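Student: Please read through the structure below; I'll follow up with questions.
The values are calculated or read from the model by the stated rules, or taken from the named source; none is laboratory data. Small disclaimer: the values here were computed from a predicted structure and weren't measured. Note that each Cβ is placed from the backbone with ideal geometry, even for glycine, and that neighbours are counted across all protein chains shown.
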Amino acid sequence: MYPYKPVDYFGIDELLTEEHKIIRSAIRDWVSRAVVPIIEKAAHDHKFPQHLLKEMGELGAFGPFIPEKYGGAGLDYISYGVIMTELERGDSGIRSAASVQTSLVMFPIHEFGSEEQKQKYLPKLATGEMIGCFGLTEPNHGSDPGSMETKFKEDGDFYILNGSKMWITNSTIADIAVVWAKDEEGTVRGLIVEKGLEGFAAPETKGKWSLRASVTGELVFDNVKVPRENLLPNVKGLKGPLSCLNSARYGIAWGAIGAAMDCYNTALEYALERKQFNKPIASFQLIQKKLAEFVTEITKAQLLVWRLGNLRNEEKATPAQISMAKRNNVSMALQIARESRQILGAMGITDDFPMMRHMMNLESVITYEGTHDIHLLITGNDITGISAFN
Ligand code: TGC
Ligand code: FAD
């Protein structure tokens, strides 16, 4: 393993504040110390390193943009992005844990929850004392969540919830699930479902070749009695879950750059060191072409998220802009993971180097939070005014 040297080809560091750099440095050091040494084994073992959650909470990786009065750090969206980049340099699964906790659990409770819900859940979620998950996808409805079948009906002081969710990050270890389901009128609503309720099960999904150091599972609801006060009161319709996705997709656009930089950095160091035909392989034009293209694509991705972050800070980033950035940056990272592995030849397939793990992880990242093609169609819709979905 080589020392990590991040890319800053266009002096983007000059655009960051001292606060951004301090946050970045704290997360970077922690990833080098706590994640890098254990992550290959965790991926081999298909086991999420759960002990990291508390440490991530202590570091402020959960809910950095949530106001301090609810246990967050009250930071801006560039800070959130910088944290995601550093975490995903370690592993996409570690970034996923922070994405879900922050954007898919804390965000909806903060945006759409009652004051009681905010006070009850947010401070514990911020420290990692409580872990959450987000249930939108179902066995029969992934890209088209609006057709979801999970539903609830009123029953005195409770709602009776039935249905199932699939492919849910952190499902087995979560204390609460933010679940999107239809009411008796067919309107999508959000419910906070606590672990341990009768009829609620969360079995793990095994056998993944991707995100092996992250937990994925189902959420199954068989006549689960959810207290009425657990309904998120302030949102109705698909825009509820989709607003959470805007926040998570934004973080992923930043995060993917971390995985790409880890692959680029490793390939560059290896190419300078490895000799064939009595020369470093870095001297061959075809290797230089790859490396030059990597640094170009990483730089473009950095500029894209920097601008997007400023738009989001000003509450001006559109969902379609976020889709474009998520799609572009994840695809860029996956391409770099694949091609950088080739620069290492046979060595690139081993766990001495991070490329195969990043590459396999990024196959999930290019699928979840909206697939590569769904994001293209969101751009298509935005520029033509015609939806390809309906
Ligand atoms: P459509 O008719 O376009 O919209 C329905 C309503 O939603 C509003 N809306 C949005 N609101 C906020 N943000 C957005 N991005 C929004 N997109 C649409 C829209 O204005 C409308 O509102 P209203 O008030 O008029 O009712 O919806 P559609 O049924 O045609 O579907 C299109 C859409 C956007 C759902 C589809 O393109 C899409 O995004 N599918 C992808 C589904 C997805 O991303 N699932 C992710 C599941 S969570 C996950 O993967 C977590 S991974 C976690 C990890 O480990 O990191
Ligand atoms: P499908 O929707 O069945 O799509 C299959 C293929 O068809 C894709 O290539 C897609 O692009 C294409 N397609 C679909 N519709 C169209 C169209 N209209 N035009 C053109 N092509 C189309 N979900 C959650 O709710 N919470 C989570 O925490 C979560 N975590 C996840 C973790 C992992 C590791 C993974 C892999 C997934 C996770 N997901 C989660 C689910 C994820 O969001 C879905 O997998 C994703 O939205 C795609 O849905 P699908 O897998 O059902 O594919």
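Student: Would you confirm whether or not the stretch 342-363 contains a residue that is within 10 Å of ligand 1 (Cβ to nearest atom) and in contact with a helix residue (DSSP H, G or I) (Cβ under 6 Å, 6 or more places away or on another chain)?
Tutor: No: the stretch 342-363 contains no residue that is within 10 Å of ligand 1 (Cβ to nearest atom) and in contact with a helix residue (DSSP H, G or I) (Cβ under 6 Å, 6 or more places away or on another chain).
Student: Separate question: Do we have MET148 as of a type in the set (A, V, I, L, M, F, W, C), within 15 Å of ligand 2 (Cβ to nearest atom), under 20 Å from LYS239 (Cβ atoms) and surrounded by fewer than 24 Cβ atoms within 10 Å (Cβ to Cβ) here?
Tutor: When the stated conditions are applied, MET148 passes them.
Student: Would you list the strands (runs of 3 or more DSSP E) that sit entirely within the stretch 133-221 and hold 2 or more residues that are within 10 Å of ligand 1 (Cβ to nearest atom)?
Tutor: On the way: elements: 151-155, 158-169, 176-182, 188-194.
In the stretch 133-221, the matching strands (runs of 3 or more DSSP E) lie at 158-169.
Student: May I ask you to say which residue of ALA282, ALA292, ALA267 is touching a residue at least 60 places away in the same chain (Cβ under 8 Å) and farther than 30 Å from GLU154 by Cβ?
Tutor: None of the other options fit; the residue is ALA267.
Student: Could you pull out the residue among GLU293, GLU269 that is away from ligand 2 (no atom under 16 Å from the Cβ), under 16 Å from ARG89 (Cβ atoms), modelled with pLDDT of 95 or more and surrounded by fewer than 24 Cβ atoms within 10 Å (Cβ to Cβ)?
Tutor: GLU269
Student: Would you mind telling me which numbered condition in (1) more than 12 Å from ligand 2 (Cβ to nearest atom); (2) at negative phi GLY163 fails?
Tutor: (2)
Student: Right, another one. Can you name the residue in the stretch 325-381 that is among the charged types (D, E, K, R) and without any contact (Cβ under 8 Å) to a residue 24 or more places away in the chain and is also nearest to ligand 2 (Cβ to nearest atom) among such residues?
Tutor: Step one: filter the stretch 325-381 for residues among the charged types (D, E, K, R), giving 326-327, 338-339, 341, 351-352, 357, 363, 369, 373.
Applying the additional criterion that residues be without any contact (Cβ under 8 Å) to a residue 24 or more places away in the chain yields 338, 373.
On the way: ARG338: 18, ASP373: 4 Å.
Step by step, filter the stretch 325-381, then rank; the result is ASP373.
Student: Among the small types (Gly, Ala, Ser), closer than 15 Å to ASN246 by Cβ, under 17 Å from the mean Cα position of the chain (by Cα) and away from ligand 1 (no atom under 12 Å from the Cβ): does that describe ALA325? Explain how you work it out, then say what you get.
Tutor: Details: among the small types (Gly, Ala, Ser): yes; closer than 15 Å to ASN246 by Cβ: yes; under 17 Å from the mean Cα position of the chain (by Cα): yes; away from ligand 1 (no atom under 12 Å from the Cβ): yes.
Criteria met by ALA325.
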